[in-house]
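Engineer: Quick one: the structure is below, and I'll ask about it shortly.
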Amino acid sequence: TIDQEEVDKFGKLAQKWWDRSGEFGALHTMNNIRIPLVRDALAPGQSLFTKPLRGLKLLDVGCGGGILSEARANSSPLARLGASVTGLDASAENINIARLHAAHDSLVRENTDYICSPVEQLPESLWETYDAVVASEILEHVSDAQVFISSCCCLVKPGGSIFITSLNKTQASKFLAVFAAERILRIVPEGAHDWDKFVPIDVLQSLLRENGMTTQLLHGIKLNPFNLKWSWTSDVSMNYALHATKFHPES
Amino acid sequence: MMAGKRILMLEGGPEKTMLQAPPAVFTSRTCALSPATRRLLESFGAWQNIEDMRYQEVKRMQVWDSSSDSMIAFNHKDLSNDLAYIVENCIIQDAILKQLETIEDRVSVKYDCRVQAYRLPSVNPNSDSQHLAEVHLSNGERLQTRLLIGADGFKSLLRETAKIHTVNWDYDQLGVVATVEVAEEMENNVAWQRFLKTGPIALLPLSPKHSNLIWSTSTKNGRNLLQLPHDSFVDAINRAFWTEDDKNPVADYASKTFDSLLTGVGLDGSSSQQLPPAVVGIEMSTRGGFPLGLCHATHYVGNRIALIGDAAHRVHPLAGQGVNLGFGDVTCLAEKLSNAVSNGCDLGAIDHLMEYETERQRQNVPVMLTVDALSRMYGSSFTPIVLARTLGLQAVNALSPVKKFFMDNAAAAS
């Protein structure tokens, strides 16, 4: 499912992953939305404990510079919440950056490891071993959504979860998320998104169903372009977050 | 929420023995705690310790001018709610330290510490050179931490090391404090403050027989006051509260006219003026003085650092807001850090620290400016200014909604 052009494109931007005010600034701030989403879904009502995700095995697909498994330089929200996190990215450069930053923080170092590989090439031994797979802001970059989704779902344990954040394929996203965000507001690097690759939500949901997943939650998220803060919205025509769980034969 | 996090407190002074009972003599360094501060202290049990020792609630506050008879009185209806609580500093500290002992597994205190230097990580998150904040102690020890909280006072070394810009000035005033004995035993729950040309003088209730004096005056006059024999000092206090020498005839006349005007339209101008108690004595060796200044740090946070209390802002004591602003910082920072932890953020990450800074500066700066403006306005004997403040004070006093607004703000200021 890997598009080599896309891998190179983001590899080149790799040094900028950690610059909070730079081109990936909006991705950093998205953690305020997606970390609580993952935390509250996997450990409901437990947010008062320091390590609510303790003992859970998570895979961060397309981890990039590790923003999600590494919120900012030297911090790793999911790992810090107790999960053992594997960051997966097809770009060796991204993986190196992510490793470098994880190495700074002992708390994070012990709980994270990184693999440089496309998701569909992970060995069969890893199938059904993850409590949750997180694919954040990656689906819109893959060339074959069908293979990508089924590979991700394969890795989830029965009863486990998948979390996806992405961009819907609508006229609104074509104009606002691609044209306006890249050319006018410049909050996303130019050429970062190719609208043709976006996956419509209904297509995603049927792909998930085919792979034995049930959607638990689907919410729109919106970005305030001025302070780069994300918030929840009922409108899913642009950015959205989805949580689905895998059918568990015994439950 | 902070379970699993370890906190080290560096204290410059020696370890103190816990108080079994309040000190025999009322100490002269006190704070006027706002109801918001009381709520914070209650939230972790320290207020109970204060109650077990001693404190005095303030039900009414009367502020008046020496240039005219204009005055303003603050109180809730029927004196039902407390405006503030006067508590001795040593009792506040003791109350908090007692609570710290109950969480010894998470908070440890190092006494007699001298910080020699701080080494702070570079602002650029891409820089790989150094990543945690480092504290070098004078005994050679080096400590590393994710977040350094600077509560090191208005001369903050941490603030200086972080090269945080400050705006500050000296008022060329000295705050003279003492524990005084008041004439007749009474229900002592009124805070009195009179603005003299040289600065405000205040009497805060401590007990039926004792009050705390806070007299802000010119440095020269302050030094004299500290030297005076007891009897003369007591006379000076009483004179300051009663003197008519500062009267400005224009303002006085205007005030009286305005008063009859207010009464004419049915607004109660100045009817409820009360007289402060006479001071009859002073407790031995409670007299002290400290210089007054204003300091505003343009930033409260930096990479892995946050400033709280006087390290971030220092105000004139005339409104008794300094300590409450500081406790307000604590409330806000604790909330931001809890959020950060529950989202798996690094405690020292700049994002949530920035939120703390924005929220607090929005609160603190207007208070600081108001307090500073008051001290300047009342420091003047220039007739138009005297006139403006005289009539302004009278008008505010007569208009209860405006007054309520001020009072609610003072009570909520945290």
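Readers should treat all values here as calculations from the given coordinates under stated rules, not as data from a laboratory. This one's a predicted model, so the numbers in the text were calculated from it and none came from an experiment. Note that we place each Cβ from the backbone using ideal geometry, even for glycine, and neighbour counts take in every protein chain shown.
Engineer: Within segment B:1-32, whose backbone N sits under 14 Å from a point 7 Å along Cα→Cβ of B:S43?
Structural biologist: Within reach of a label on B:S43: B:1-2.
Engineer: What percent of all Cα-Cα pairs in the protein assembly as shown falls in each 20 Å bin, counting up from 0?
Structural biologist: That works out to 16, 39, 27, 16, 2, in percent per bin.
Engineer: Continuing with this model, one more query. Each residue of segment B:63-74 in order: what ³J(HN,Hα) in whole Hz does its phi give by Karplus 6.51 cos²θ - 1.76 cosθ + 1.60, θ = phi - 60°, with x for Gly and Pro?
Structural biologist: So the J values, rounded to whole Hz, are 10, 9, 9, 8, 8, 8, 8, 5, 8, 9, 10, 10.
Engineer: Something else now. Counting only trypsin sites (Lys or Arg not before Pro) that sit in a DSSP loop (anything but H, G, I, E, B) with at most 16 other Cβ atoms within 10 Å, what is the longest stretch of chain B containing none of them?
Structural biologist: Numbers: sites that count: B:K5, B:R6, B:K16, B:R29, B:R54, B:R106, B:R114, B:K155, B:K163, B:K197, B:K247.
Result for the longest clean stretch: B:248-414.
Engineer: Given H placed 1.01 Å from N in the peptide plane, which residues other than close sequence neighbours of A:E128 have an amide H under 5 Å from its amide H?
Structural biologist: For A:E128, the qualifying residues are A:L155, A:V156.
Engineer: Okay, moving on. May I ask you to derive the relative contact order of chain B, considering only C-alpha pairs under 8 Å and at least 6 residues apart, and to give it as an integer percent? Could you put the intermediate results ahead of the total?
Structural biologist: Details: 765 pairs, mean separation 93.5, N = 414.
Normalised by residue count, the contact order of chain B is 23 percent.
Engineer: Using only Cα atoms, what is the ratio of the radius of gyration of segment B:308-402 to 2.2 N^0.38 Å? Write out the running numbers ahead of the final one.
Structural biologist: Working: Rg = 18.4 Å, N = 95, 2.2 N^0.38 = 12.4 Å.
Ratio of Cα Rg to 2.2 N^0.38 Å: 1.48.
Engineer: Given charges of +1 on the Cβ of Lys and Arg and -1 on the Cβ of Asp and Glu, with all other atoms neutral, how large is the dipole of the protein assembly as shown about its Cα centre, in debye to the nearest 20?
Structural biologist: 780 debye
Engineer: Report the longest stretch of chain B that contains none of the chymotrypsin sites (Phe, Trp or Tyr not before Pro) sitting in a DSSP loop with at most 13 other Cβ atoms within 10 Å.
Structural biologist: Numbers: sites that count: B:Y111, B:F382.
Answer - B:112-381.
Engineer: Dipole of segment B:7-411 (Lys/Arg Cβ +1, Asp/Glu Cβ -1, origin at the Cα centre): which of B:Q363, B:N343, B:Q93 lies farthest to the positive side?
Structural biologist: Of the options given, the answer is B:Q363.
Engineer: So if R0 is 25 Å, what FRET efficiency would B:V365 and B:S338 give, r being the distance between their Cβ atoms, rounded to the nearest 0.05?
Structural biologist: Working: r = 25 Å, r/R0 = 0.99.
The value I calculate is 0.50.
Engineer: Each label point is 7 Å from the Cα along the Cα-to-Cβ direction; what then is the distance between the points at A:F226 and B:D52, in nm?
Structural biologist: 5.2 nm
Engineer: Per 5 Å bin from zero, what fraction in whole % of the C-alpha pairs of segment A:109-251 is there, up to the bin with the longest pair?
Structural biologist: Whole-percent P(r) values from 0 Å outward: 2, 9, 17, 21, 18, 14, 11, 5, 1, 0, 0.
Engineer: Could you list B:D329, A:D113 so that the one with the fewest beta carbons within 10 Å of its beta carbon is first and the one with the most is last? Present the calculation step by step, with values, prior to reporting the outcome.
Structural biologist: Numbers: B:D329 27, A:D113 15.
The order, fewest Cβ neighbours first, is A:D113, B:D329.
Engineer: For a 32 Å ceiling on Cα separation, which of these pairs sit above it: A:K51/A:K169; A:K222/B:K163; B:K16/B:K220; A:K51/A:K222; A:K169/B:K5? Intermediate values should be presented prior to the final figure.
Structural biologist: Details: A:K51/A:K169 36 Å; A:K222/B:K163 37 Å; B:K16/B:K220 34 Å; A:K51/A:K222 28 Å; A:K169/B:K5 44 Å.
As for pairs spanning more than 32 Å Cα to Cα, those are A:K51/A:K169; A:K222/B:K163; B:K16/B:K220; A:K169/B:K5.
Engineer: While we're on this one: Semi-axes of chain B's equivalent ellipsoid from the Cα gyration tensor, sqrt of 5 times each eigenvalue, largest first, rounded to whole Å?
Structural biologist: On the way: eigenvalues 325, 114, 87 Å².
Whole-Å semi-axes of the equivalent ellipsoid: 40, 24, 21.
Engineer: Going by amide H atoms built from the backbone, whose H comes under 5 Å of the H on B:M9, apart from near neighbours?
Structural biologist: B:S108, B:V109, B:K110
Engineer: Extending each Cα 7 Å along its Cβ direction at B:D245 and A:A41, get the distance between those two points in nm, one decimal.
Structural biologist: Between B:D245 and A:A41, the label points sit 7.7 nm apart.
Engineer: With just the Cα atoms of segment B:244-346, tell me how far they stretch along each of the three principal axes, in Å, largest first.
Structural biologist: For segment B:244-346, the Cα spread along each principal axis is 64, 46, 24 Å.
Engineer: Taking amide hydrogens as modeled 1.01 Å from N in the peptide plane, which residues meet the under 5 Å criterion relative to B:G293, leaving out close sequence neighbours?
Structural biologist: B:Y171
Engineer: Take the Cα radius of gyration of segment B:77-198 and divide it by 2.2 N^0.38 Å, with N its residue count; two decimals is plenty.
Structural biologist: Numbers: Rg = 21.9 Å, N = 122, 2.2 N^0.38 = 13.7 Å.
Rounded to two decimals, the normalised Rg is 1.61.
Engineer: Now, a different point. With +1 assigned to the C-beta of every Lys and Arg and -1 to the C-beta of every Asp and Glu, and no other charges, what is the dipole magnitude of chain B about the Cα centre in debye, to the nearest 20?
Structural biologist: The calculated dipole for chain B is roughly 720 debye.
Engineer: Ordered by residue, what ³J(HN,Hα) values in Hz, to whole numbers, does segment B:220-233 give under the Karplus form 6.51 cos²θ - 1.76 cosθ + 1.60, where θ = phi - 60° and Gly and Pro are x?
Structural biologist: Once rounded to whole Hz, the list reads 5, 4, x, 4, 4, 4, 5, 8, 4, x, 3, 4, 5, 4.
Engineer: Between A:V203 and B:M284, what is the label-point separation in nm under the 7 Å Cα-to-beta-carbon projection?
Structural biologist: The modelled label-to-label distance comes out at 9.1 nm.
Engineer: Pick out, from A:W230, A:N168, B:N139, the residue whose Cα sits farthest towards the positive end of the charge dipole of the protein assembly as shown, with +1 on the Cβ of Lys and Arg and -1 on the Cβ of Asp and Glu.
Structural biologist: B:N139
Engineer: Can you list the trypsin sites (Lys or Arg not before Pro) in segment A:144-187 that are in a DSSP coil and have 15 or fewer other beta carbons within 10 angstrom? Walk me through the numbers on the way to the answer.
Structural biologist: On the way: sites: A:K169, A:K174, A:R183, A:R186; in loops: A:K169, A:R186.
Passing both the DSSP loop test and the Cβ count: A:R186.
Engineer: Return A:I162, B:I201, A:I187 ranked ascending by Cβ neighbour count within 10 Å, so the fewest neighbours appear first.
Structural biologist: Working: A:I162 26, B:I201 23, A:I187 16.
In increasing order of surrounding Cβ atoms, one gets A:I187, B:I201, A:I162.
Engineer: Projected onto the charge dipole of the protein assembly as shown (+1 at Lys/Arg Cβ, -1 at Asp/Glu Cβ, origin at the Cα centre), which of A:N239, B:W192, B:L307 gives the Cα projection farthest towards the positive end?
Structural biologist: Farthest along the dipole direction, towards plus: B:W192.
Engineer: From the backbone phi of segment B:20-33, what are the Karplus-calculated ³J(HN,Hα) couplings (6.51 cos²θ - 1.76 cosθ + 1.60, θ = phi - 60°) in whole Hz, Gly and Pro given as x?
Structural biologist: Calculated HN-Hα couplings, in order: 8, 8, x, x, 4, 9, 5, 7, 8, 8, 10, 10, 9, 7 Hz.
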